[in-house]
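Notes follow once the structure below has been shown.
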Ligand SMILES: [Zn+2]
């Protein structure tokens, strides 16, 4: 590992390259009225009911909880993808401010979609523009090609080019999005982030970093992305299920090993390191771990590795007593209140 003292149990801050901070309040939500049987039904029955019920106060405490849990996992940077169709305006600033308060870096994006008609798509684009124009650290979010018109995809790509950033989009997470490589052809560049790629052909022509989310893909029963097959860079994310990147690395390694007995944990560790190309600031952060050496061959077979100290930008933001800037008990209590409010709307 470069630029670190991994042998002494110290690394830069880890990066969660694909997160949905809004889903931190989802755990414990009521079961859907109908058991979903397909990926599209999982979206319709669970995530699209949940995101429709969000308001800005819920997002604020969801983000504080997600940021707190990131620090508890040694993760100092989150690449977030937000969707809150009834609380679009200002949502990216609420998330950015909440993360900053806890001391976690965040790269925000609003996932534009035509699911709520052209006006919903327009408002999503406008929130990305508002946030980026105000100097926010962000990308242009796109939900996925299969929920967007060609006009919306082109407008999002143009907005990203205008601000000199990439777009953050779900690509071929399930079979429903099989047309994504054609729909996105000519729009992507190396700054784009392509989440999942489970059903993306190996010889696709999309540019950008593939974001591999092993736990979420297993949970949604969509299949194994086998990201080692792609020529694109690969980074690791959680798709909204926490920000425990050591655990994510271990699962990514074991899954790769399940299809390739020669796979080395160095490959999945390299995917984790790709996060530093996406959020270079995190390289300057410092996490002291409970285990040494922080070497992929050790970590892959060592459960329960946890941070002892987390420093972001030279400031101690978390140690074994908890976060230094915020009250962890208050965040958990407020998040529980907001989760109860959210679940009551479902
Ligand atoms: Zn996602």
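Please give the strands (runs of 3 or more DSSP E) falling wholly within the stretch 142-219 in which 1 or more residues are away from the ligand (no atom under 14 Å from the Cβ), farther than 19 Å from residue 107 by Cβ and without any contact (Cβ under 8 Å) to a residue 24 or more places away in the chain.
On the way: elements: 167-171, 193-196, 209-212.
Per the criteria, no element qualifies.
Report yes if residue 255 is closer than 30 Å to residue 53 by Cβ, under 24 Å from the mean Cα position of the chain (by Cα), surrounded by 14 or more Cβ atoms within 10 Å (Cβ to Cβ) and touching a residue at least 24 places away in the same chain (Cβ under 8 Å), otherwise no. Steps first, answer last, please.
On the way: closer than 30 Å to residue 53 by Cβ: no; under 24 Å from the mean Cα position of the chain (by Cα): yes; surrounded by 14 or more Cβ atoms within 10 Å (Cβ to Cβ): yes; touching a residue at least 24 places away in the same chain (Cβ under 8 Å): yes.
For residue 255, the condition - closer than 30 Å to residue 53 by Cβ, under 24 Å from the mean Cα position of the chain (by Cα), surrounded by 14 or more Cβ atoms within 10 Å (Cβ to Cβ) and touching a residue at least 24 places away in the same chain (Cβ under 8 Å) - is not met.
Residues being surrounded by 15 or more Cβ atoms within 10 Å (Cβ to Cβ) and outside any loop (DSSP other than H, G, I, E, B): count how many of those fall in the stretch 285-297.
Number of matching residues: 5.
Filter the stretch 51-85 down to residues that are part of a strand (DSSP E or B) and closer than 17 Å to residue 12 by Cα, then give me how many there are. Can you show your working first?
Filtering the stretch 51-85 down to residues part of a strand (DSSP E or B) leaves 75-80, 82.
Next cut, closer than 17 Å to residue 12 by Cα only: 75-79.
So the answer is 5.
Within the stretch 220-239, can you find the residues that are over 14 Å from residue 73 (Cα atoms), under 14 Å from the mean Cα position of the chain (by Cα) and within 11 Å of the ligand (Cβ to nearest atom)? Give the derivation first.
Filtering the stretch 220-239 down to residues over 14 Å from residue 73 (Cα atoms) leaves 220-236, 239.
Narrowing the set further to residues that are under 14 Å from the mean Cα position of the chain (by Cα) leaves 234-236, 239.
The one that is over 14 Å from residue 73 (Cα atoms), under 14 Å from the mean Cα position of the chain (by Cα) and within 11 Å of the ligand (Cβ to nearest atom): 239.
Quick one: is residue 106 modelled with pLDDT of 95 or more, assigned to a strand (DSSP E or B) and under 24 Å from residue 129 (Cβ atoms)?
Details: modelled with pLDDT of 95 or more: yes; assigned to a strand (DSSP E or B): yes; under 24 Å from residue 129 (Cβ atoms): yes.
Yes: the conditions hold for residue 106.
Against the conditions (1) within 16 Å of the ligand (Cβ to nearest atom); (2) closer than 18 Å to residue 273 by Cα, where does residue 71 fall short? Just the number, please.
Residue 71 satisfies all of (1) within 16 Å of the ligand (Cβ to nearest atom); (2) closer than 18 Å to residue 273 by Cα except (1).
Pull up the stretch 6-26, narrow it to residues that are within 16 Å of residue 62 (Cβ to Cβ) and more than 9 Å from the chain's Cα centre (by Cα), then point me to the one that is nearest to the ligand (Cβ to nearest atom).
Of everything passing the filter in the stretch 6-26, 23 is nearest to the ligand (Cβ to nearest atom).
Is it fair to say residue 53 is touching a strand residue (DSSP E or B) at 6+ places or on another chain (Cβ under 9 Å) and at pLDDT 95 or above?
Values: touching a strand residue (DSSP E or B) at 6+ places or on another chain (Cβ under 9 Å): no; at pLDDT 95 or above: yes.
When the stated conditions are applied, residue 53 does not pass them.
Suppose the filter is closer than 18 Å to residue 38 by Cα and either at pLDDT 95 or above or out of contact with any helix residue (DSSP H, G or I) (no Cβ under 8 Å at 6 or more places or on another chain) (or both); does residue 200 pass it? Before you say what the answer is, go through the steps one by one.
Numbers: closer than 18 Å to residue 38 by Cα: yes; either at pLDDT 95 or above or out of contact with any helix residue (DSSP H, G or I) (no Cβ under 8 Å at 6 or more places or on another chain) (or both): yes.
In short, yes.
For the stretch 42-59, how many residues are in contact (Cβ under 8 Å) with a residue 60 or more places away in the chain and farther than 24 Å from residue 218 by Cα? Explain how you work it out, then say what you get.
Filtering the stretch 42-59 for residues in contact (Cβ under 8 Å) with a residue 60 or more places away in the chain gives 42, 48-50, 53-54, 57-58.
The next check asks that each one be farther than 24 Å from residue 218 by Cα; those that pass are 53-54, 57-58.
So the count comes out to 4.
The values are calculated or read from the model by the stated rules, or taken from the named source; none is laboratory data. Fair warning: this is a prediction, and the values are worked out from it, not measured in the lab. Note that we place each Cβ from the backbone using ideal geometry, even for glycine, and neighbour counts take in every protein chain shown.
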